[in-house]
1. Any residue in region 286-297 that is open to solvent by less than 40 Å² (accessible area, probe 1.4 Å) and not in a loop (DSSP other than H, G, I, E, B)?
2. How many of the residues in region 1-20 are surrounded by 13 or more Cβ atoms within 10 Å (Cβ to Cβ), without any contact (Cβ under 8 Å) to a residue 60 or more places away in the chain and more than 28 Å from the chain's Cα centre (by Cα)?
3. How many residues are part of a helix (DSSP H, G or I), among the small types (Gly, Ala, Ser) and surrounded by fewer than 22 Cβ atoms within 10 Å (Cβ to Cβ) when one looks only at region 298-333?
4. Output the number of residues of region 243-267 satisfying the condition of being among the small types (Gly, Ala, Ser), outside any strand (DSSP E or B) and within 21 Å of ILE164 (Cα to Cα).
5. Can you tell me how many residues in region 268-285 are part of a strand (DSSP E or B) and either open to solvent by 70 Å² or more (accessible area, probe 1.4 Å) or without any contact (Cβ under 8 Å) to a residue 24 or more places away in the chain (or both)?
6. Kindly indicate whether any position in region 247-267 is open to solvent by 40 Å² or more (accessible area, probe 1.4 Å), within 16 Å of the ligand (Cβ to nearest atom) and touching a helix residue (DSSP H, G or I) at 6+ places or on another chain (Cβ under 7 Å).
7. Residues of region 39-69 being more than 16 Å from the ligand (Cβ to nearest atom) and within 23 Å of PHE13 (Cα to Cα), which ones?
8. Based on what the data block shows, is VAL211 open to solvent by less than 60 Å² (accessible area, probe 1.4 Å) and closer than 26 Å to THR103 by Cβ?
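The values are calculated or read from the model by the stated rules, or taken from the named source; none is laboratory data. None of the values given here were measured: they were computed from a predicted structure. Backbone-built Cβ (ideal geometry, glycine too); neighbour counts: all protein chains shown. Heavy atoms of the whole protein, side chains included, go into the accessibility calculation; ligands, DNA and RNA do not. Shrake-Rupley method; radii C 1.70, N 1.55, O 1.52, S 1.80 Å.
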Amino acid sequence: MVKPKVYVTRQLFPEAMEILEHHADVEVFEGVDNSIPRALLLSKVRDVDGLLPLLTDKIDTEVMDAGRELKVISNYAVGYNNIDLEAATERGIYVTNTPGILTDTTADCAFALLMAVARRIPEADHHIRAKRWIHAWGPKMFIGSDVHGKTLGILGLGRIGSAIAKRARGFDMRLVYNDVRRREDLERELGVMYKSRDQVLREADYVSLHVPLTPETHHMIGAKELAMMKENAFLINTSRGSVVDEEDLYEALRDGVIAGAGLDVFEEEPLSHDSPLLGLDNVVLTPHIASGSIETRTRMALTAASNLVSVLQGREPLNLVNPGVRKVRPLRT
Ligand code: DGY
């Protein structure tokens, strides 16, 4: 029997490649750290049945029209703002993602950023490495802000938002949240209080963002929202860069409108080497690594591979994000 063809835009973990190779003829972009060039993606997608892209690959109508045989796009990410979902549905292409798996790892990283910026850990580390630690101890040396006992504001109480709430409880933090949907079950379970978005911004000492990037959340945090925050508050973003107006954030950090930020995601990735954020001490920057543990990235790869194979075998995938596609192109089973 002829195997279906699959294209993968970056070498994945061997366990996941084995699954794919068992069921399909697989070709992989050989880049190590770089994204596949657009022209190559457009040519490689031409005769494949399945595509397994990264969140950095823009999968729009041009790609889908080039890939006339495409039946499934299995994103190696929980977020799928890189894929034109409506276009995929219209064309009968199943789109899947990797939810659940990276929840705790991402929440760990969000909390690590919060701690790092609050307690100025990277600044202090650089100080020693730069051989500037001259006086043994000082009452004001790298003093930061307490985390325990403070108020954490969570915008988006989904899986990752709930997971950071659990971590914050261990630090005796007061928890407030806003979400498009009020979650009374989680309010009871996690001890979080529902507030309007503006109230969360006004009350929180730390605001952590956990919303997907949609037209509604694009630049959800700009100058107006930053001005609502306390002067000694911090913003943590591990969701998507464009949820925040980065220029407004830079100005707020520079002018002391808020105390600091921990950022794993940016409007443009990689962050430009000319970004003014690089010149600020009150921001901790990481290059979109929140889900980056070996365990989680391996499980994400296994899930993405299984989702892709399921569709190619005519089975419902575990993590379908465009259920409307079932009507356009029902699966065999
Ligand atoms: C995702 O899966 O959407 C994350 O941003 C990857 O870390």
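1. Our first condition is that a residue be open to solvent by less than 40 Å² (accessible area, probe 1.4 Å); within region 286-297, this holds for 286, 290-291, 293, 296.
Next, from what is left, pick out any that are not in a loop (DSSP other than H, G, I, E, B): 296.
Within region 286-297, one or more residues are open to solvent by less than 40 Å² (accessible area, probe 1.4 Å) and not in a loop (DSSP other than H, G, I, E, B).
2. 1
3. Going residue by residue through region 298-333, those that are part of a helix (DSSP H, G or I) are 298-312, 325-328.
Filter once more, so that each one left must be among the small types (Gly, Ala, Ser): 301, 304-306, 310.
Checking the rest, the ones that are also surrounded by fewer than 22 Cβ atoms within 10 Å (Cβ to Cβ) come to 306.
Final tally of qualifying residues: 1.
4. Taking region 243-267 first, the residues among the small types (Gly, Ala, Ser) are 252, 256, 259-262.
Among the residues that remain, those that are also outside any strand (DSSP E or B) are: 252, 256, 259.
This time we only want the ones that are within 21 Å of ILE164 (Cα to Cα), so: 259.
Going through region 243-267 one residue at a time, the tally reaches 1.
5. Within region 268-285, the first condition is being part of a strand (DSSP E or B), and the residues that meet it are 283-285.
The next check asks that each one be either open to solvent by 70 Å² or more (accessible area, probe 1.4 Å) or without any contact (Cβ under 8 Å) to a residue 24 or more places away in the chain (or both); those that pass are 285.
Result for region 268-285: 1.
6. Scanning region 247-267 turns up at least one residue that is open to solvent by 40 Å² or more (accessible area, probe 1.4 Å), within 16 Å of the ligand (Cβ to nearest atom) and touching a helix residue (DSSP H, G or I) at 6+ places or on another chain (Cβ under 7 Å).
7. First, pick out the residues of region 39-69 that are more than 16 Å from the ligand (Cβ to nearest atom): 39-51, 60-69.
LEU40, LEU41, LYS44, VAL45, VAL48, ASP49, GLY50, LEU51 - these are the residues of region 39-69 that are more than 16 Å from the ligand (Cβ to nearest atom) and within 23 Å of PHE13 (Cα to Cα).
8. Details: open to solvent by less than 60 Å² (accessible area, probe 1.4 Å): yes; closer than 26 Å to THR103 by Cβ: yes.
Taking the combined requirement at face value, the residue satisfies it.
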